[in-house]
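Visitor: This is the structure I want to talk about, given as structure tokens.
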Amino acid sequence: MSEYPGGIRFRPLVLLRSVPLPIWLITALFGALLACWSVLVPQYHAPDEPNHVDAVLRLVQGDGWPHPGHAFVKPDGVGAIAASPYGSEAVPYELDHAPIVADDATPRADRPDWDELGQTLQADGDPQPPGDIQQLVQHPPLYYWVGAAVLWALPGGGDGDGLRWDVTIGALRLMSALMVMWLPVLAWAGAHRLSGGNRIAATCAALVPLAVPELSHIGSSVNNDNLLALTAGLATLTIIYILRGDTSLRTAAWAGGFIGLALLTKSLAIVLVPMAALAYLVAWLRARRDDRHNRTSRTSRASYLSYLSHPSRTSQAERGRGRGTLDPDRDAPFLLADTGLRTVPTGATRAPWRQILLGGGLMVAFGGWWWVVNIVRYRTFQPETPNFPLGDYLGDDWDAYLDVLFNGAVTRWWGAFGWFEVTLPTVFVRTASAIVIALFALGIIRARDGRTRVDLLFLLWPTLGLFGLMTFQSATGFSEHGHLSGISGRYMYGGLTALAVGVGMGVPAFGRQAARAFPVLFFGAAAAAQWWSVKTVLAHFWEPAGGDLADSWDALTAWSPWSPSAVITVVWVGVALAVLVLVSCVWTAVRGDTPPGGAGPDHPASPGLGGGRNAARTIQPAPATTAAGPAEGFEPLPAGPEPTDTIPIRPSARKSAPAGSAGAKPDEQGLSEPPPGESAPAESGPSAAKGRPSSMASPVPSH
């Protein structure tokens, strides 16, 4: 199937090769930041982390994935709770909020391996208590399979449970960090595709994940929401390509695979299924609409040329060569570009049942089967865990419930660290939320065309859908038993890639010159949010009464699974990367959003870097006209830029290369579209072919 519109298909390897250096620097900085957070927050001071680690070790030790209600935290999992700083020496199995001191840490050389924790005794010599219910087996096991594979692959781990208990937790935390660190690249790719190569918008989108401190906390802890954030981000990127017209079977396969992997991670991924199906419907309707415009405009073109063929009906004035009129020279080649038509491949106008069947089949094969089995086995989509402790009891106080639902969820999205033990100030949370909402709203209101506006509305769905699903589940439980549970901001991180793209798309609404400052502003906001959060976490968890930063550092490194020198190295690498990212943001601001070579944000030069040596100059076609005005039934192109979700047919010089010549890959209409990251040859418009004034060629302005 030919590419429509935009001529760009989703090619992951080509896309990765086209990522510019500033985005790689942002991604590396995010990775270093996550690595720092993995030791900043004490072991097991993250939501459900003891159970997540125990679930991984359950698979490592061959205990499988039993039915909900039939699994309990294993004895070595209970021993890990006692060995960690989860509680205090007096109450090791209860969450302790007091600052953690260095003297309580066992020297690294004396810390037991994971498989030795089952014989842990309490301070009075009694055996440790039995483990609580393991509720996580109600979720699919993909995240835990990956964690088990990591532990099996690490050297010195024996059968996967032979590493020190703290190294085991540290390794799984770094595994989560590796999953989440790609979100800046995904956000950049989505904004780059949707904005038509706007460098400013794409860079700002890539910076958004760094500005969410809670994401750094959850992303560096052992939690299955991290794999959901990655797989949902990948699925969101493919859906953006589908909306922009890539209805190829290959992209359908990618989309189905990514959604399937997300479904094998967590039930919340179900919100991606209707989003993908509706994206295909929208792409199909757009193709049909453009095809109808083409047919109507071709008829109008033929009638107009017939009219001009009679000299008695026309005057020399009607044969003017100004821009916006059709050349009556019957010796000139017929150029569809003169009508401003969009090219619509034949396959794009067919109902997308093949794409939906292929993507749906792969979605079921990769992960949807888990939920089909649940429905057959338990008669429900996701079974409840019997005897699992409920949350705080609120009775029938729905006002209190709604307060936690809205204010609590937003706070927990931005920064509620540990087991919601310490939170960022309300003023920060509300200000940051207002900025995100305002930028996304500006992106929708000031979108360059109606199709981009619809695409941005699509990107609201993952966050809104996840919030709605979380609300439905928690409200149902609250109405039944009056206990508050199932409300957390991390449940919406599956929509973070889409949200970042929308925020980045709001930046161009401030104008070309003002938007230049936003990469630096975004980086400054992210740096301030992270610094504020790090100070808050250090003071709460590590700083003793009357202590200072040096005492906090001593306690942190004493409990860390890694040596102090390793921690210091990561910190300094992060500082160096932060300086490089700041420099790159300043350089991006200087360069602006117009890539070299004449392509601007509304005129993508190439789907790769968005400019540079590979930038291709395109022809701005004149709108189709008749004696009475624009062709009936066709929406004339504005005098400004051509919308980037359409393909103007490229005019050729009078002496063009043969269709089968090397380097050309004609599509179904005999057109050649450069693959992402490659240059397109500069083309000559009709004026160049006939020796006419250059104004007729109307090339894209270089801004």
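Visitor: Given region 468-540, what whole percent of its Cα pairs are spread farther than 16 Å?
Guide: 70 percent
Visitor: Considering only Ile239, His293, Val222, whose Cα is most displaced toward the positive end of the charge dipole of region 148-307, charges sitting on Cβ of Lys, Arg (+1) and Asp, Glu (-1)?
Guide: Towards the positive end, the residue furthest out is His293.
Visitor: May I ask for the Rg/Rh ratio of region 14-133, computed from Cα atoms with Rh as the Kirkwood radius, given to two decimals?
Guide: Here Rg/Rh amounts to 1.10.
Visitor: Counting only heavy atoms of the protein chains, get the accessible area per residue of region 454-531 (1.4 Å probe) and round it to a whole Å² value.
Guide: I get 36 Å² per residue for region 454-531.
Visitor: Rounded to two decimals, what ratio of Rg to Rh does region 393-474 give with C-alpha atoms and a Kirkwood Rh?
Guide: That ratio equals 1.06.
Visitor: What number does region 113-264 give for Rg over Rh if you use C-alpha atoms and the Kirkwood radius?
Guide: Rg divided by Rh gives 1.11.
Visitor: Within region 257-276, find all residues whose amide N lies under 15 Å from a label point positioned 7 Å from the Cα of Val373 along Cα-to-beta-carbon.
Guide: Those under the cut-off are 261, 263-267.
Visitor: Given 0.36 nm per residue, what is the gain on full extension from Trp587 to Val427 after removing their alpha carbon distance, in nm?
Guide: 54.4 nm
Visitor: Write down the Å³ per residue value for the convex hull defined by the alpha carbon atoms of region 39-82.
Guide: For region 39-82, the hull spanned by Cα atoms encloses 78 Å³ per residue.
Visitor: What full-extension length gain, to one decimal in nm, is calculated for Val91 and Leu460 as 0.36 nm per residue of separation minus the Cα-Cα distance?
Guide: Difference between extended and current length: 128.4 nm.
Visitor: Right, here's the next one. For region 1-94, which GluC sites (Glu not before Pro) are in a loop by DSSP, counting at most 16 other Cβ atoms within 10 Å?
Guide: Hits after loop and neighbour filter: Glu89, Glu94.
The values are calculated or read from the model by the stated rules, or taken from the named source; none is laboratory data. Quantities reported herein were computed from a predicted structural model and do not represent experimental measurements. Cβ sites come from the backbone with ideal geometry, for glycine too, and all protein chains shown count toward neighbours. Ligands, DNA and RNA are stripped out before the accessible areas are found, and what is left, the full protein with its side chains, is counted by its heavy atoms. Shrake-Rupley method; radii C 1.70, N 1.55, O 1.52, S 1.80 Å.
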